[in-house]
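Taking it in order: structure first as structure tokens, then the write-up.
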Amino acid sequence: MSVSARTRRTPRAPRRRLPAALAVLATASLLAGASLTGAQPSAAAPPSSYPVKGVDTSHHNHDATGEAIDWKRVAQGNAFAFLKATQGSSYRDPWFARDYRAASATTLMRAPYHFFDPKNTGDGAAQADHFVRTARAAGYSGTKPGELPPVLDVESVWKNGKEVCPKALRADQLRAFLQRVRAEFEVPPIVYTRASFVTDCMGGKGEVFRGYPLWLARYGSGAKEPQNVPGAGAWTFWQYTESERVPGMPGRDGTAGIADRNVYRGGLDRLRALARPDGGTPTPRPEASWPTLKSGQRGADVTTAQLLLGAHGYATAADGVFGTDTRRQVEAFQRARGVSADGVVGPATWTRLVVTLRPGAKGRAVTALQRQLTDNGLPVAADGEFGAGTETRLRDFQRARGLAADGVAGPATWSALVGGGSGR
């Protein structure tokens, strides 16, 4: 859903180029480690480190050949798909209904997306109504097995052959769209955007997106993940390229066509929970399951263990790398708690590390909880304060995992948070 590939109804154009002054500013901000709008530095993990992959499509994937997508082949190498349904208040993608029906007949988890294209400062609700009608007509309800939350795409538009900020874009329009779609489909929509767009076109005020899962674009960045959206937070889905050959996509002379590729920040079971696999009823949780962490490992669960160690007074850098210092602190914690001091964080160590947290709590353990919620697809600011936003996201997570939605992070909730995903 890159700007060049998804906003126009004409052939593809070169990828976005920032004006020279903005490019210099952006480069300086990245070198400084954070943007002027408060976006945090991106993490160091390439797309290949995230095993759950997907595609997003529109009529552009058909334009070169006029042929249909072989969705069964696409499903062999992908877990999810986002399909363009509408743009503005009247445009319908001519391939959406056919593609959505075909994708729904495969194992792909899927959802429609709407490209926000305001023509005046008050048409947000009208765009939402147009999107809802089109999605429902194609069979999407938001509650059927395999249906991911609907998507709002907010990015630059094309005018006179150039990318520009939508002139009529207003935060209250976006809020009206999100609220209307959320009420219709009874699930918080996913928001596709870029940190740079929020900076350039929204004055860095992305608070309207707070509390919604974010799908962020960043191409050719190697191990640099998308920058956090100012006021809204980190990514749940990452669109890392607009030009990867995908078997099943129509291409010239029988070759595989190119498509946008994405990764999901979590394991397949987390994505399935987001897709409401049983038609909307929370999935029962199995017995408690704790990951085993040891020297050399990296990732979100390592960061959680490091933060929890710090909460108990065994401070170590929360860098997500299980190095020598982390092992030393784990051993010291284990000795103090009467656990075999093997330097491995297994079930016996986890049950002593986790802290039962309630609204009003503060500190490193709360930060660990907030980061885990974000990693589970429920973004919340990692500010170390257990406020109303954290409580709401925690209750959402508990309901999705079949836990008592009491807003308290006890051992069962911690186990579901750190033990619920694979390949993280």
Original post:
Can we say D172 is closer than 28 Å to D383 by Cα, among the acidic types (D, E) and touching a His at 6+ places or on another chain (Cβ under 7 Å)?
Top reply: no
Original post:
Only one of (1) touching a Pro at 6+ places or on another chain (Cβ under 9 Å); (2) crowded, with 24+ Cβ neighbours inside 10 Å fails for Y212. Which number is that?
Top reply: (2)
**OP:** Kindly indicate whether V55 is closer than 13 Å to A259 by Cβ, in a helix (DSSP H, G or I), open to solvent by less than 10 Å² (accessible area, probe 1.4 Å) and in contact (Cβ under 8 Å) with a residue 40 or more places away in the chain.
**Re:** no
Original post:
Residues of the stretch 111-137 being small (G, A, S) and either open to solvent by 10 Å² or more (accessible area, probe 1.4 Å) or farther than 24 Å from V55 by Cβ (or both), which ones?
Top reply: G122, G124, A125, A126, A128, A137
**OP:** For the stretch 243-260, state whether one or more residues are open to solvent by 60 Å² or more (accessible area, probe 1.4 Å), at pLDDT below 85 and at negative phi.
**Re:** no
Original post:
Counting just the residues of the stretch 204-225 that are charged (D, E, K, R) and touching a Lys or Arg at 6+ places or on another chain (Cβ under 8 Å), which one comes out modelled with the highest pLDDT?
Top reply: R218
Subject >> Considering residues of the stretch 197-209 that are open to solvent by 10 Å² or more (accessible area, probe 1.4 Å) and assigned to a helix (DSSP H, G or I) only, the residue nearest to K167 (Cα to Cα) >> reply: C201
Original post:
Looking at this structure, is V330 under 27 Å from the mean Cα position of the chain (by Cα), at negative phi and either in a helix (DSSP H, G or I) or touching a residue at least 24 places away in the same chain (Cβ under 8 Å) (or both)?
Top reply: no
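Yes/no per residue for (1) under 21 Å from D129 (Cα atoms); (2) outside any loop (DSSP other than H, G, I, E, B); (3) modelled with pLDDT of 95 or more:
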{"site": "P188", "(1), (2), (3)": "yes, no, no"}
{"site": "Q227", "(1), (2), (3)": "no, no, no"}
{"site": "W235", "(1), (2), (3)": "no, no, no"}
{"site": "W238", "(1), (2), (3)": "no, yes, yes"}
**OP:** Would you tally the residues in the stretch 371-389 being under 17 Å from the mean Cα position of the chain (by Cα), of a type outside the set (A, V, I, L, M, F, W, C) and within 13 Å of R210 (Cβ to Cβ)?
**Re:** 2
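The values are calculated or read from the model by the stated rules, or taken from the named source; none is laboratory data. Since the model is a prediction, treat every value here as computed from it, not as a measurement. Note that each Cβ is placed from the backbone with ideal geometry, even for glycine, and that neighbours are counted across all protein chains shown. Each accessible area value is taken on the protein alone, full model and side chains, heavy atoms only, with ligands, DNA and RNA left out. Shrake-Rupley method; radii C 1.70, N 1.55, O 1.52, S 1.80 Å.
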